[in-house]
Structures are given as structure tokens and as C-alpha cells.
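The structure under discussion appears below in the form of C-alpha cells.
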Amino acid sequence: MDEIATTYLKNYQVWHHRRLLLTYIYSKDPATRSPDLLLKELKFIEKVFEEDSKNYHTWSYRQWILSNFNRNELWAVEIPFIERMIGEDVRNNSAWHHRFFVVFDSGVRQGDENQEDVLRREILFVLFHRYTSFPANKRTTDTLRGRFPSHRTTSRHGIT
């Protein structure tokens, strides 16, 4: 199945089929309920991203694994993974979207209970990438705007 997925990675059916297989394998054998099977699948996805790091179906599949199985061991690897992806390509909007999903849209993770600290970390991360990597990329600050949609302001010159 790995070879088929890497050959036809832009086909949503490949990722849906992997979903079905992973659900079946995970539910059938109690030995597979350790995080190892799921972590191995996340590693496979990283390998696929070497081919196409902006593939919508692959990112959706990764998010499904995280939210469907909802294990701390899986969530723990996401921030370092996303930081590597953004470090490789600051214009990867899929990686920025995934960061928003992980940090703000999927509940509070172990170690992130203090939301002020999380917000401070995210602001620093965004500012670093906004002003040192690629200043023209609006996606960096859009990540924070998504967190505070009611605080969106426009200057008197129409600049947001």
C-alpha cells in the first residue's frame, strides 16, 4: 500500500483506503493499539511530504490520524514536525494551516495548559518567520488573525 500511496498521492481514494485499513488494523489486534503503528504512519506521511509537501489529501489524512486516535504520543511530535516543515519552506500554507489546527483547533495538549504561554510562543514563532524568513508571506500573520478574528483591525490607510 505504501508504494501505491506514493505513486498516486494526489488521489483522495488512496488516503481514504489507508484510513479504512488503519482503522481496521487498529481495532482488530490489541497489540496494534500501542502508538507505534500510528507513529509509523506519521513517519510514512513525512516521507510522502518529501515528494509533495503541499498535498491537501495527505495533510487531511494526517489530521484525521491525530484527531481520530487522539493519543498524546502523536500530538507530542506535531509541533517539532511542523517547525521542520515551515523551516524548509516558509511559504508552505498547508503547514501553517496544520499548525493552526494543532495549536488552536484541536483542544489543549499536555504541556500547553497555560494558553498565555502558548499564545506567546505562537506570536514569537510567527514574528520570527514573518520578519526573518519571508516578509512578504501573509500566511504567517494570518495564522494569528485566525485565532483572534474579532480583533482584526484596519489602520486609517486600509492596511490590516
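Results, tabulated for the structure shown:
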read-out: Over region 1-106: Rg over Rh, Cα atoms, Kirkwood Rh; value: 0.95
read-out: Cβ crowding within 10 Å averaged over residues, with 96-102, 38-44, 54-60 ranked highest first; value: 96-102, 54-60, 38-44
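All of the numbers you see were taken from the coordinates with simple rules; none came from a lab. Please read all numbers here as calculations on a predicted model, not as lab measurements. Using ideal geometry, Cβ is built from the backbone for each residue, glycine included, and neighbour counts are taken over all protein chains shown.
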